[in-house]
Amino acid sequence: LMPVISDFMRAYPDIELDVDFSDRMVDVIEEGFDAVIRTGKPEDSRLMVRHLGHYQLVLVGTPGYFDQHGTPHRPQDLNHHACLRHKFCATGKLEPWPLRHVPGAAELNLRAPLVSTTIESLNHVVQEGLGIACLPDYMVNQAVRQGRLRRVLDEHLEHRGSFWLLWPASRHASAKLRVFIDHMCAGLFPTDAAS
């Protein structure tokens, strides 16, 4: 988000932003937000929505980590790896890894030397070569392209999510809000916005 927000600030220096990076489910109208970005299908009829784009969760580790500990070739191999896990702040529950269930396969018992409520910290630790993390593709694509991270078990994963921009339907969208919405849609997922 930050590079796109920085670009917006340069393009519209007279618009003041108050950004809240929270993973709690805010009440957009009651709490007075002009706009929010969410994953999952929006279901609040009081809100206008605009689709931003798609993302996938992927499993990644460094080439050095895989050289030292081996590359997992099937989900059960993860039982012998350091699995860096995300925990939902609101519920305290671990986010499940989106591995396709194989009938008759043994339950996974993932060893988690680190559990964190932020994916940013998992991204940092995985790039230090300390395990395997399940992260959104948009967060790790550049590191994968540069060879700093390697994706594993893609054929065993089943996840596709969507990002949505939401704003109150009861408000007439101001010129400031309209340019913010258009900028975020074009900047975050340019290929999805074009389609």
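The values are calculated or read from the model by the stated rules, or taken from the named source; none is laboratory data. Every value quoted in this text rests on a predicted model; they were computed, and no experiment measured them. With ideal geometry, Cβ positions are generated from the backbone for all residues, glycine too; neighbour counts draw on all protein chains shown. The accessibility values were calculated without ligands, DNA or RNA, using every heavy atom of the protein model including side chains. Shrake-Rupley method; radii C 1.70, N 1.55, O 1.52, S 1.80 Å.
In segment 38-124, Cα pairs under 8 Å separated by at least six residues give a relative contact order of 29 percent. Most tightly packed first, judged by the mean number of other beta-carbon atoms within 10 Å of their residues, the peptides 112-124, 57-69, 22-34 read 57-69, 112-124, 22-34.
Across the chain, the mean sequence separation of Cα contacts (distance under 8 Å, 6 or more residues apart), normalised by length, yields a relative contact order of 39 percent. Overall shape: rounded for segment 84-170, with the ratio a/c of the largest to smallest alpha carbon gyration tensor axis below 1.5. Ordering of 98-104, 4-10, 159-165 by packing is 159-165, 4-10, 98-104, highest average first (other Cβ atoms within 10 Å, averaged per residue). On full extension, the segment bounded by residue 102 and residue 54 gains 14.7 nm, given 0.36 nm per residue less the C-alpha separation. Over the chain, what portion of Cα pair distances is larger than 31 Å, expressed as a whole percent? Considering the chain, 28 percent of its Cα-Cα pairs are separated by more than 31 Å. Taking all protein chains into account, the per residue accessible area for the chain stands at 60 Å² (1.4 Å probe).
Helices that extend 30 Å or more along their long axis by alpha-carbon positions and average at least 0.0 on the Kyte-Doolittle scale are absent among the DSSP H runs of the chain.
When only alpha carbons of segment 119-187 are considered, Rg and Dmax amount to 17.4, 49 Å.
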